[in-house]
Amino acid sequence: MGLKEQITEDMKAAMRAKEMGKLGTIRLLTAAMKQKEVDERVELTDAHVLAIIDKMVKQRKDSISQFEAGGRQDLADIEKAELAVLAAYMPASLSDDEIKAEVQAAVAATGAAGPQDMGKVMGVLKPKLAGRADMTAVSALVKAALAA
C-alpha cells in the first residue's frame, strides 16, 4: 500500500474513532495533496507525498516557535499535536553518523574539490536524504566537508 492510500485509510479510521484532532490534520494533508495533483496535473508518488508532509512539518515547527515566543502556549499545543500526526508518516530519521557517511560518499562520488561543487553534491544527496534528514544540517555538513 502506498503512502497516499495509507493516509486515506488513516482518515477513515480517525472518522470511525471520532478522533477530531487527527482527522483535521489528515484532512489538511489530503487537501494539500489534491491541490498539488490539480496544480501540476500529476498522480502523486510517495516521494511527492513525503515532500508535502516535510513542508507541512517545517511549517508546524516554525509556528510552534512563533507561538511560544508570543506566549500563546494554547496554539503551540495544537500545532504540536498536528506535528505528531504528520511526523508519523515520515520515514525514520537518519543518525548524525549516517548523514556524515552519506555526505562523504557523495563528495567522493562526485569528485567535488571545493565549495564551487556544492550544488553537485547536494544534487546527489537531496533525493537520498529527503524526508530522512534536515537538509539545512546536511548543507552545513557538505559545506564543512568541501572547505576542509
Exercise for review: Could you work out the local net charge near Gly70, counting Lys and Arg as +1, Asp and Glu as -1, over the other residues with Cβ closer than 14 Å to its Cβ?
Suggested key: -4
Check your understanding: With all protein chains present and a 1.4 Å probe, how do Met118, Met1 order by accessible area, largest first?
Key -> Met1, Met118
Review point. When ranked by the protection proxy of mean other Cβ atoms within 10 Å per residue, highest first, what sequence do the peptides 130-141, 64-75 form?
Key: 130-141, 64-75
Review point. With respect to the cross-link table entries Lys22/Lys100; Lys4/Lys100; Lys36/Lys61; Lys22/Lys143; Lys12/Lys128, which display a Cα-Cα separation exceeding 29 Å?
Key: Lys22/Lys100; Lys4/Lys100; Lys22/Lys143; Lys12/Lys128
Exercise for review: Calculate, for Gln59 and Gln104, the FRET efficiency according to 1/(1 + (r/R0)^6) with r their C-beta to C-beta distance and R0 25 Å; round to the nearest 0.05.
Suggested key: 0.20
Review point. How large is ³J(HN,Hα) for each residue in region 45-57, as worked out from phi by the Karplus curve 6.51 cos²θ - 1.76 cosθ + 1.60 (θ = phi - 60°), to whole Hz, x for Gly and Pro?
Key: 8, 4, 5, 4, 5, 4, 5, 5, 5, 4, 4, 5, 5
Point to revise | Derived scalar couplings ³J(HN,Hα) [region 114-126; Karplus, 6.51 cos²θ - 1.76 cosθ + 1.60; whole Hz; x for Gly, Pro] | key: x, x, 5, 9, 4, x, 4, 5, 5, x, 6, 6, 4
Exercise for review: Pop out the ³J(HN,Hα) list for region 65-74 in order, Karplus 6.51 cos²θ - 1.76 cosθ + 1.60 with θ = phi - 60°, rounded to Hz; leave Gly and Pro as x.
Suggested key: 5, 5, 5, 5, 5, x, x, 10, 5, 4
Exercise for review: Could you work out the local net charge near Gly2, counting Lys and Arg as +1, Asp and Glu as -1, over the other residues with Cβ closer than 11 Å to its Cβ?
Suggested key: -3
Point to revise | Dipole magnitude of the chain about its Cα centre (Cβ charges: Lys, Arg +1; Asp, Glu -1), debye to nearest 20 | key: 200
Practice item. Could you do me a favour and compute the accessible area per residue for region 1-128, 1.4 Å probe, result in Å²? Key: 62
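Calculate for the chain the 222 nm mean residue ellipticity that helices alone would give, adding -39,500 (n - 2.57) per DSSP H run of length 4 or more and normalising by residue count, nearest 500 deg cm²/dmol.
-26000 deg cm²/dmol
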Check your understanding: Summing Lys, Arg as +1 and Asp, Glu as -1, what charge do residues with Cβ under 12 Å from the Cβ of Thr30 carry, Thr30 excluded?
Key -> +1
Study note, to complete from the structure: Simple spin-label estimate for Glu37/Ala13, 7 Å along Cα→Cβ, in nm, reads 2.1
Exercise for review: Over region 20-65, with every protein chain in place, what whole percent of the accessible area is carbon and sulfur at 1.4 Å, could you tell me?
Suggested key: 54
Review point. Can you work out the FRET efficiency for the pair Ala88 and Lys126, with r the C-beta to C-beta distance and R0 = 30 Å, to the nearest 0.05?
Key: 0.85
Point to revise | Candidate residues Arg60, Arg27: accessible-area rank, largest first, probe 1.4 Å | key: Arg27, Arg60
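The values are calculated or read from the model by the stated rules, or taken from the named source; none is laboratory data. In this text the structure is predicted, and so the values were computed from the model without any measurement. Note that we place each Cβ from the backbone using ideal geometry, even for glycine, and neighbour counts take in every protein chain shown. These area figures cover heavy atoms from the full protein model, side chains too; ligands, DNA and RNA do not enter into them. Shrake-Rupley method; radii C 1.70, N 1.55, O 1.52, S 1.80 Å.
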